[in-house]
Amino acid sequence: MKYLVMVQGSQADYDAMSGTASAEGGPAWTERDRRAMFAHMEALNDDLAASGEMLSCDGLAAPDRTRFVTAGADGGPPVVTDAPYDRSQVLLAGYWVLECADLDRVTEIAARVVACPQPEGAPDRPVAIRPIGEGPAEEPAAA
């Protein structure tokens, strides 16, 4: 089964990782904090590549580079919004596409993601797991 594993972040989180503390994104990260985070993620990615479970992964640019496109009123042209940007709005920050034996296995992987080191006081963002569907005939997961 294929799964999309998603990490989330706000612009304030990205700013904090760049060394700028904020009320919304927590304390400023140090170079040591960043190195620890990258080492953790690199080890995870190496393990997933070695096991053959990782199909792809990527981190995304900061949310302040996001563009939203919505339908125009009454069939008019689409509405494009670049700014102003809500610095605390949480968006997709990165993802993995994994092929795992089952939901338990991908949950183990997500637990490794949330164990990523970060400075004390940084926000704890959940990791979302979504099965990648085969089509509309698929049955919804039981609760």
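Laboratory data are not the source of any read-out in this text; all were calculated from the coordinates shown. From a predicted model like this one, the values you see are computed outputs, not experimental measurements. A quick note on method: Cβ atoms are made from the backbone with ideal geometry, for glycine too, and the neighbour counts reach across all protein chains shown.
Among the residues in segment 67-75, are any out of contact with any Cys (no Cβ under 6 Å at 6 or more places or on another chain) and within 13 Å of G94 (Cβ to Cβ)? Within segment 67-75, none of the residues are out of contact with any Cys (no Cβ under 6 Å at 6 or more places or on another chain) and within 13 Å of G94 (Cβ to Cβ).
Give me the residue from segment 40-96 that is among the aromatic types (F, W, Y) and within 15 Å of the chain's Cα centre (by Cα) and, out of that set, surrounded by the most Cβ atoms within 10 Å (Cβ to Cβ). Among those that are among the aromatic types (F, W, Y) and within 15 Å of the chain's Cα centre (by Cα), it is W96. Would you call L44 touching a residue at least 60 places away in the same chain (Cβ under 8 Å), of a type in the set (A, V, I, L, M, F, W, C) and part of a helix (DSSP H, G or I)? Spelling it out, L44 is indeed touching a residue at least 60 places away in the same chain (Cβ under 8 Å), of a type in the set (A, V, I, L, M, F, W, C) and part of a helix (DSSP H, G or I).
Just to be sure before I move on: is D33 part of a loop (DSSP other than H, G, I, E, B) and either over 17 Å from V114 (Cβ atoms) or in contact (Cβ under 8 Å) with a residue 40 or more places away in the chain (or both) in the structure I sent? No: the conditions fail for D33.
Annotation: of all residues in segment 1-27 being without any contact (Cβ under 8 Å) to a residue 24 or more places away in the chain and surrounded by fewer than 19 Cβ atoms within 10 Å (Cβ to Cβ), the one that is farthest from A61 (Cα to Cα) is A23.
Among the residues making up segment 106-125, those that are surrounded by 12 or more Cβ atoms within 10 Å (Cβ to Cβ) and in contact (Cβ under 8 Å) with a residue 24 or more places away in the chain are V106, I109, A110, R112, V113, C116, P117, Q118, P119, A122, P123, R125.
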